[in-house]
Amino acid sequence: MQHRIGIPLQAVDLAGTLLFAIEGATAAIAANLDMLGVMVLAFATALAGGIIRDVLIGAAPPQSLRDWRYAAMAFLGGAIVFSLHGFVVAIPRPVMIGLGATALSLFAVAGTEKALLYNMHPFIAMLMGTITGVGGGTVRDILLAQIPGVLRTDVYATAALAGSAVLIAGRKLRLSSSQAAVLGWRASRCAWSACGNTGICRDCSTSEICGTWLGTRPLLSHKTSVWQRISITKSDQE
């Protein structure tokens, strides 16, 4: 059964596709890949999460394969990075992190909204939003023979979950789709900013807690339980 995708949702999806393609192509340049490698990573990073989501919710064939604009956006992002790689490499890291956060937020919102459109349970829709946000980066890391960042240090999943949960809460409160999407986007951005993939938070105590719960930085060895780490953090503060 096919569901019609609204223009706002599609615009958000396409914007996230372009940003994630740029991020994937940048990772390919950093790994010294050739033009083909840059395009493959741009395509995979931009579209893998959405393809996985569509397959899981029964939207077959996936939207990004039925609509040529998704592939065009992915290859456009790869071409921009390949053609202007000297300029892209010179972009400050905080700016690149901001682009990644924006892409993640857009994809989490679009993925959750589409899952709800296909009558998924809100909890499953939240997971689908998370998969949409982290799927492309996971495939990118696998292609680069790296442990996926979502399983190691990054807070991709946490930020995506936050945005998806807030969007669903907004819909439950009978907000419009646009209002709920904006709230979800802002929540995902805030979660990323509070405990970004640098592992640096706004204050010391928050940093310790984020590092413990999100895996960004363990307080002690892996043999120490999470509850013990939290208790030690509180005692140190006192």
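The values are calculated or read from the model by the stated rules, or taken from the named source; none is laboratory data. Note that the coordinates shown come from a computational prediction; the quantities given were computed from them, not determined experimentally. Here the Cβ positions follow ideal geometry from the backbone for every residue, glycine too, while neighbour counts run over all protein chains shown.
Among the residues of segment 101-110, is there at least one that is surrounded by fewer than 24 Cβ atoms within 10 Å (Cβ to Cβ), closer than 30 Å to residue 37 by Cα and not small (Gly, Ala, Ser)?
Narrowing segment 101-110 to residues surrounded by fewer than 24 Cβ atoms within 10 Å (Cβ to Cβ): 101-102.
Still in the list and also closer than 30 Å to residue 37 by Cα: 101-102.
Subsequent filtering for residues that are not small (Gly, Ala, Ser) retains 102.
Checking segment 101-110: at least one residue is surrounded by fewer than 24 Cβ atoms within 10 Å (Cβ to Cβ), closer than 30 Å to residue 37 by Cα and not small (Gly, Ala, Ser).
Which of (1) closer than 18 Å to residue 21 by Cα; (2) assigned to a loop (DSSP other than H, G, I, E, B) is the odd one out, the single condition residue 140 does not satisfy?
(2)
Within segment 111-141, restricting attention to residues that are over 17 Å from residue 178 (Cβ atoms) and of a type in the set (S, T, N, Q), which residue is surrounded by the fewest Cβ atoms within 10 Å (Cβ to Cβ)?
Once the filter is applied, the top-ranked residue is 119.
Out of 74, 101, 159, which single residue is modelled with pLDDT of 85 or more and either among the hydrophobic types (A, V, I, L, M, F, W, C) or assigned to a helix (DSSP H, G or I) (or both)?
Values: 101 fails: modelled with pLDDT of 85 or more; 159 fails: modelled with pLDDT of 85 or more.
That would be 74, the only listed residue that is modelled with pLDDT of 85 or more and either among the hydrophobic types (A, V, I, L, M, F, W, C) or assigned to a helix (DSSP H, G or I) (or both).
Tally time: how many residues in segment 18-37 are closer than 17 Å to residue 134 by Cα and either outside the structural domain of residue 91 (by TED's automatic domain parsing) or of a type outside the set (Val, Ile, Thr) (or both)?
8
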